[in-house]
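Reading through the structure tokens given below for one structure.
The values are calculated or read from the model by the stated rules, or taken from the named source; none is laboratory data. What you see is a predicted model, and the numbers here were worked out from it, not measured in a lab. Neighbour counts are summed over all protein chains in view; Cβ atoms, including those assigned to glycine, are modelled from backbone coordinates with ideal geometry.
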Amino acid sequence: MAYDRPWKSYPEQLEILKSRGLGCSDEAKVISYLQRLGYYRLSGYWYPFREIKLEQDVTTRKLKYKRLDNFVENAQFKDAVQLYVYDKKLRLLAMDALERIEVAVRCDIAYLLGERDTFAYRSPEQFDTRFSQVGDGHERSRHQEWLDKFEVSLDRSKEEFVKHYKEKYGLPLPIWVAIETWDFGLLSTLYAGMKYKDKEAVAAKFGISTPKVFESWLRSLNYLRNICAHHSRLWNRNVVDQPKLPDVGEVPGLEEFRGKHDLIARPFLLFCIMRHLLEKICPNSHWHVRFKQLASEFPTVGTGGISANDMGLIEGWRDWSMWEDDIEGK
């Protein structure tokens with residue numbers, strides 16, 4: 001289908017919202033937000049305020065819900081802005097945890113592989129054959145493709161330490177230097193390509209016995225990081241790259257998600273995973289206290305039916321051992 005919607009000025013965007021029933025009491029402020037944040041970005045936050053209609057699918061004859069363009073009664077633009085501001089705080093809190101996790105995993109991989117080979121990340125023999133060898137129907141191995149992406153990131157790097165090593169020692173960089181240039185995506189992909197015993201050793205440092213579980217966690221956390229880095233909506237997002245659950249009893253609290261596919265697809269599970277990892281990385285951190293506080297500060301919006309529970313909170317979660325200890329901290 002050809003896209004045929006024309007460009008709209010900010011006053012025209014305001015009129016569209018008003019004509020559909022969204023309360024815009026301070027029109028100057030509405031236009032200011034549209035100018036700074038954009039109609040499309042904010043649309044994800046007023047989406048829950050749109051009317052819902054139950055209709056029958058023409059093909060399957062099944063009933064399904066459809067969002068209409070018009071808004072429910074008493075829906076307000078300011079409520080969408082409150083949701084946006086709250087979501088921004090949630091993303092910043094996630095990024096704080098993700099930074100610590102990414103740096104810790106980098107260190108563990110560099111230490112483990114670097115002991116055997118200064119340039120281990122370049123050596124196919126250091127990785128699982130499914131990662132290091134060319135598969136049927138492919139011209140390059142996944143390891144070679146990974147190295148291509150690494151080279152691109154290295155060329156783009158503006159870091160002084162990269163410039164220093166290039167000028168003094170030349171390339172390639174030793175793994176304990178090179179790893180500092182990897183983003184979360186490169187990190188998670190390389191971990192997935194490591195030999196089983198090596199993956200097992202790294203995962204064990206974070207209290208996980210099954211490498212496949214830890215591999216899925218890194219992949220899901222990379223997905224979360226991309227959401228946060230692109231300032232996308234998080235609080236009620238349906239998580240596409242979902243993490244696996246660990247063995248029974250391995251992480252108290254995560255048992256509550258077992259068999260609940262709708263909750264596994266929500267962000268709260270990722271926050272529980274980050275909390276568990278931070279307990280291993282920074283035992284004295286009180287990041288979890290800030291999460292609990294933020295969960296309690298979810299804005300009250302006029303239409304009702306929208307809450308922090310939309311991120312997948314489970315009843316009684318505050319009493320889980322991983323979320324205990326209400327001491328103010330860093």
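At a glance:
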item: Residue ranges of helices (runs of 4 or more DSSP H) in the stretch 16-128 with at least 1 members touching a Lys or Arg at 6+ places or on another chain (Cβ under 6 Å); result: 39-46, 77-114
item: Test: residue in the stretch 263-276 that is of a type in the set (D, E, K, R), in a helix (DSSP H, G or I), surrounded by 12 or more Cβ atoms within 10 Å (Cβ to Cβ) and within 18 Å of the chain's Cα centre (by Cα); result: yes
item: The one condition in (1) in a loop (DSSP other than H, G, I, E, B); (2) within 18 Å of I101 (Cβ to Cβ); (3) at pLDDT 95 or above; (4) not aliphatic (A, V, I, L, M) that K330 fails to fulfil; result: (3)
item: Long-range neighbours under 8 Å by Cβ, at least six apart or interchain, first residue of a type in the set (V, I, T) within the stretch 57-72, second part of a strand (DSSP E or B) and surrounded by 10 or more Cβ atoms within 10 Å (Cβ to Cβ); result: V72/R50; V72/E51
item: Residue that is in contact with a helix residue (DSSP H, G or I) (Cβ under 9 Å, 6 or more places away or on another chain), surrounded by fewer than 16 Cβ atoms within 10 Å (Cβ to Cβ) and among the hydroxyl-bearing types (S, T, Y), where the choices are S232, S285; result: S232
item: Pair list, Cβ < 8 Å and 6+ apart or interchain, from the stretch 222-247 residues that are hydroxyl-bearing (S, T, Y) to residues that are assigned to a loop (DSSP other than H, G, I, E, B); result: Y223/V239; Y223/V240; Y223/D241
item: Residue match in the stretch 119-141 (condition: touching a His at 6+ places or on another chain (Cβ under 9 Å), among the aliphatic types (A, V, I, L, M) and at pLDDT 95 or above); result: no
item: Test: residue in the stretch 7-27 that is crowded, with 19+ Cβ neighbours inside 10 Å and closer than 30 Å to W287 by Cα; result: no
